[in-house]
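Okay, so here's the structure we're looking at.
The values are calculated or read from the model by the stated rules, or taken from the named source; none is laboratory data. Just so we're clear, the structure is a prediction, and the values are computed from it rather than from any experiment. Ideal geometry is used to build each Cβ from the backbone, glycine not excepted, and the neighbour counts take in all protein chains shown. When the accessible area is computed, the model is the full protein with side chains, heavy atoms only, and any ligands, DNA or RNA have been set aside. Shrake-Rupley method; radii C 1.70, N 1.55, O 1.52, S 1.80 Å.
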Amino acid sequence: MSSVRRAGEVAQREFLTVLRTPTLLALAAGYVFLLTAVAWLSVAGTYIALVLDLLTPVEVLVPILAFAFGYRAILGDRESGELETVRTYPVSRVSYVGGVYLGRAVAVLAAVLAGLVAAALFVPFSSGRDLSFTATHATVDSPVLYLRFVFLTAAFALVVLALAILVSAAARSSRGGLALGVGAVVALLVGFDSAILTTLAGGFVSGDSLTALLALSPNSAFRSLVFVTTLAPTGASVPEGPAALVATVGLAGWAVVAITAATFVVWNA
Amino acid sequence: MHVTHAGILVGVVLLVSATGFAATPSGGESLSPVPFDETLSTGMTGVDIQQADSAGYVVPRAEVFYSQYEYVVGYYGMDALVNSLDAAGGTEQFGRPMAIFVTDLSGTEPYLTEEGYVRARNSVAQGWVRAEDAAFVVDSGARTPGGPATLPFGDRVDAERFADAHGGEVVTWSTVRTRLAGGETDPLTRLAERRADQQQWANDSVAGARELLDRPTSVVVGEDAPTLATAVERAPPNSTVVVPPGTYDVNLTIRKPVTIAGSGENTVLHGEGNGTVLTVRSPDVAVVSLRIEGIGDTRVGQSAETEAWDDRIRLIYGRGDAGIRLADAHGALVQNVTIETPANGVVALNSTGAVVRDSTVRGSDRPADGFMGVLAMYSAMVVEDSEFVGGRDGVYTHYANGIVVRDNTMSSLRYGVHEMYTSDALVGNNTVTDASVGLIVMTRPAGNALVDNRVTDAEIGISTAGSASYAVGNVVTDTAVGISIGTDRSLYARNTVVDNGVGIRAATLLPTNTVVANDIVANDRPVSVGNRGTRNIWATDGTGNYWGAVPGLDRDGDGTVDRSYRPDDAVDRVAGRSAGGYAFARSPAVGTLRQFQQAIPGLRGASVVDPAPRTEPVRPAVLERVRKEEDS
């Protein structure tokens, strides 16, 4: 049996676990509802406006969602003793961690994308302007910009999920897992950016190196990617710079490092 | 459910979203011009454009497609275009211009008339060209009714040919932008300077007209002559005809400069319901201290097909019956005259410097049954200290540039003061009650001042249009809509707007008005915005308006609240009046949404933001007095 096949079986098992956990389904539903509510309340009318309205809610909600879906994945197996059973099968650490990640990722992405698609449905129906005698044009608004945002949000969710899987692999108890998980979410939402703020306020970094520094914070990297790829084409003044590349490298780096680390700490080879 | 199936589904959605990076959002390259009458247009006055259209003069136009504004903005004249592109906050509110199209005169074979107006021998050839591809002829002596014109050509050769024939210089778009930028002095500064001069001009006109009261008596009706008509016939120019108490049947035309002096309300000129009672066809005629009744009830004249752009208006509106008709009666005076009329009180045509003062016009009970108190056409005149009750409009102006209407009271009518095609008017210190609209300016004029007026109990207090105008120091109470702003580049300051359904309605297209230092208090809704505007920012130099209690604190004691106020926002609207709303305004959820709604305003619905609401009223004494009146 190839290692890919084994990973697929692990993924299937993880996916079913999520589907059988009502708490997670309720959480996903709540997330979809919140995004829809934001879209409805903001009455954006345009895709680019919706992107801006959703940016902060997404930045907060996606890490919470991803950690909720991920932090017990391996920890649950470990506590129930199933991890020991799994080790008796000819499954490599890479296949196991990869499979867990894939299975959970499909579930997380399904929720994340469902929320964004639902929010977008409000745009065509909420344009409150009708001046039939007046010529209109497309402005810079475009569904294309929203598609970019959807893709970036999905990527962001994958990165955060990788961190959640690392927490899950590293934790040795429920309490420890919860503490690590909450700590990681707080770090993502506040910690990294606060640290960057401290260095900035202390005069340790200049404006130029801030771009690179931001890539170290997954949330900020995601945010700058959104600005560069969706807001900048609209003519809003976003400073020039290698933000997109640096942020992409940063995000990818976090995902790769987290999954690799999870593979090493899940059990001793 | 199998993970592979879900995975494929998720993968497909991801692939679709990834196409967002393959496609580039449209730039301006694919845009093409739209019919000009489908744009939201600005620049030049309504009069200038009407005149140009009816005379067949070319007015160069432009269309701009802004990146964040879905409506195409049209400009009359290159000056308006350049000034708008350079205006502070313009790009912030509309985004950058994705495409600018200007009139293409190539192929139209344009030439100049003697006055310098541009006509085209082949006007159907007129098209559009992108501004960056056009060649412009500047300083050629070409003009529009609004002033000197810059002419765009799609083909540089045509531009050069025109410049060779008519003078001027051929330049590129970037040169035009730098040349025309800042060309016009700040219209509001000019207006403020002009206002004092205009009051002085009105004082001088009144003083000049009042000298007509000092003419020696030559004829007394009833003693020296049997009728008023024979008295006027016998009176030498520059003398006074005295009309003792009594009722006189009159339908008289006065063709020499005399003063007709009654002895007050007891001297009654009666027209027997037949046409206009007194027609004045001479300068420097005075009609004083009498009463006019029995005016005919023809309110409008017959229309006819004629040349000038406003013949229809002149013939229909200017031919109605009146108590006194002034025609070419420059410097005439109507003083202490009471007029009961089913049609007009005083009609003034081509009577610049005429004065109507201390008089009363009583019109019909229903506005639809009456007409104008004073109807001023082509007459820069003065209407002051008079009272207008009933009828349609108190003072109606048509192309009466420079008219001064001050210190009057108007009540129980449709409009108090109604300005049509009239620029540079000064309407000051009038009181209007019980009207559909207190003061209304229509037809896109420029340079009008509405100062220190009081409007109460109306559907709309003050309704403006045009550009470079201002409304300062007015008090508006008990209306459905206090001030309806339809202008651009205009100033609204030191107004007191209390107890109205809507305090200020921002119905304007381009957010170029300055709305500061007003006291807007205790209205059901402080502000409403039209559906086609964008974000209006109502503050200058860090101070805005006074809205009563608004959420936030003045922590640095600079007299303004540290939180911006959005008078049309669902939360802020109630926050001034309810403790719950005040607390809710501090909610992080509300704050976060607000924060993001500040971005790309052009793609949002219209809104008003006061970034620095005042903690104290601008005119506390006025506000206190008005509120006391409202309570009692």
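Numbers below:
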quantity	calculated
For B:Thr540, residues with placed amide H under 5 Å, excluding near neighbours	none
Under-5 Å amide H pairs with B:Trp128, H placed in peptide plane, nonlocal only	B:Asp104
Long-range amide H partners of B:Ser67 with built H, under 5 Å	B:Arg96, B:Met98
Relative intensity, log₁₀ I(q)/I(0), of chain A from a Debye sum that treats every alpha carbon as a point, q = 0.08, 0.12, 0.15 Å⁻¹	-0.37, -0.78, -1.10
3J(HN,Hα) from dihedral phi, region B:321-332, Karplus parametrisation 6.51/-1.76/1.60, rounded to Hz, x for glycine, proline	6, 8, x, 10, 10, 9, 10, 6, 9, 4, x, 6
Residue among B:Gly320, B:Gly273, B:Ser467 farthest towards the positive dipole end of the protein assembly as shown, charges placed on Cβ	B:Ser467
At q = 0.10, 0.13, 0.17 Å⁻¹, base-10 log of I(q)/I(0) for region B:36-180 (Debye sum, equal scatterers on each alpha carbon)	-0.31, -0.52, -0.90
Relative contact order (percent, whole number), chain B, Cα cutoff 8 Å, 6+ residue spacing	7 percent
Taking chain A and dividing mean pair separation by its residue count, relative contact order in percent (alpha carbons under 8 Å, at least six apart)	27 percent
By accessible area with a 1.4 Å probe, ligands and nucleic acids excluded, highest first: order of A:Tyr47, A:Tyr31	A:Tyr47, A:Tyr31
Calculated from backbone phi, Karplus (6.51, -1.76, 1.60) coupling profile of region B:154-162 in Hz, x at Gly/Pro	x, 10, 4, 4, 5, 4, 5, 4, 5
Mean projection area, nm², convex hull over Cα of the protein assembly as shown	46.7 nm²
Cα gyration tensor category, rounded, prolate or oblate, for region B:128-182 with a/c compared to 1.5	oblate
Solvent-accessible ranking of B:Lys256, B:Lys628, largest area first, probe 1.4 Å	B:Lys628, B:Lys256
FRET efficiency estimate (nearest 0.05) - Cβ-Cβ, A:Ser206 to A:Phe264, R0 35 angstrom	0.45
Accessible surface of region A:1-128, 1.4 Å probe, proportion on carbon and sulfur as whole %	69 percent
C-alpha long axis of helix B:3-22 to longest principal axis of chain B, angle in °	50 degrees
Accessible area per residue in Å² at 1.4 Å probe, computed on chain A	43 Å²
Solvent-accessible area lost in complex, 40 Å² minimum, residues of region A:1-21 relative to chain alone, 1.4 Å	A:Gln12, A:Phe15
Long-range Cα-Cα pairs in chain B (distance over 33 Å), rounded percent	55 percent
Of all accessible heavy-atom area on region B:1-147, the percent that carbon and sulfur account for (1.4 Å)	51 percent
Check: the protein assembly as shown dipole with +1 on Lys, Arg Cβ and -1 on Asp, Glu Cβ, in debye	3860 debye
Distance in nm between pseudo-label sites at B:Glu630 and A:Leu189 (7 Å out along the Cβ direction from Cα)	4.3 nm
Largest to smallest accessible area among B:Asp224, B:Asp393, B:Asp488 [probe 1.4 Å]	B:Asp224, B:Asp488, B:Asp393
